[in-house]
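Shown next, in structure tokens, is the structure this report addresses.
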Amino acid sequence: MTTEDVRRVDMKVEVLVLPVADVERAKEFYGRLGWRPDETPPGVVQFTPHGSACSVQFGAALTDAEPGSAKGYLVVADLVAARDALVAAGVEVGEIFHVGRGGREAGLDPDRGTYRSRATFADPDGNQWLLQEVTSRLPGRVDPAEATFSSAGDLAAALRRAEAAHGEHEKRTGERDENWPDWYAAYIVAERTGTELPT
């Protein structure tokens, strides 16, 4: 089998194992996040974040890694709303920051640029989670044939961004666009897949 053959094999990340010291405490924490508890064999606890195809597992005998040594990224469409929801659920979330010219800077990215605005939190064992606001993907990150949305909220946020961009489009053309559904669809797919946006 060649490297080219392997490239054609679909491989999707299914589960990440988290090292925790207290399984019951971790169950309470991830349940408080609103993550879905999944059916698992005895000795394994599994939760899936809303809108995610990948789950996390923990249990007394799943890993020898030091509790608190894991780090993961959680992609959200609206960082402010996500942070507010976590804080309301009793999670200690750091202040929002963004990646600027000089590195880490306080607050949201002024242009709300994709991949730039972030906030962090940790589970009770110290496993780190970084919330990252992603509204459009870098080219090549998403197959255009698979530009899907995992939740109604994610799609609604994309529709709002498309509506705002379409308003600018109509201002530039000076005409009402009768084919706005096609324009919205093209914009949303281009934003999701990191290809050129319609103007």
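Rounded to the nearest whole Hz, the Karplus-based 3J(HN,Hα) values (6.51 cos²θ - 1.76 cosθ + 1.60, θ = phi - 60°) of the range 25-42 follow the sequence 5, 5, 4, 4, 5, 5, x, 5, 6, x, 6, 6, x, 9, 5, 9, x, x, with x at glycine and proline. Here each label is just a point 7 Å from Cα along the line to Cβ, and for Tyr73 and Ala89 those points are 2.1 nm apart. Once the Cα atoms are used to define both axes, helix 180-193 deviates from the longest principal axis of the chain by about 40 degrees.
Principal-axis analysis of the Cα atoms of the chain puts helix 152-173 at an angle of about 20° to the longest axis. Neighbour counts of C-beta atoms inside 10 Å place Ser117, Ser136 in the sequence Ser136, Ser117, starting with the fewest. Exposure proxy ranking for His166, His50, His98, based on other Cβ atoms within 10 angstrom of each Cβ and starting from the fewest, stands as His50, His166, His98. With R₀ fixed at 35 Å, the C-beta to C-beta distance from Glu163 to Ala61 puts the FRET efficiency at about 0.10.
Per-residue Cβ neighbour counts within 10 Å put Arg161, Arg25 in the sequence Arg25, Arg161, beginning with the fewest. Taken along the Cα-to-beta-carbon direction at a fixed 7 Å, the label points for Leu130 and Asp182 span 4.1 nm. Loop-located GluC sites (Glu not before Pro) in the range 38-134 (DSSP state not H, G, I, E or B) with no more than 10 neighbouring Cβ atoms inside 10 Å: Glu39, Glu92, Glu95. On the basis of the beta-carbon distance and an R0 of 35 Å, Thr2 and Glu24 show a calculated FRET efficiency of 0.15.
Only the coordinates and a few stated rules stand behind these numbers; no lab work does. None of these values were measured; they are calculated from a predicted model. Counting neighbours? That spans all protein chains shown, and the Cβs are built from the backbone with ideal geometry, glycine included.
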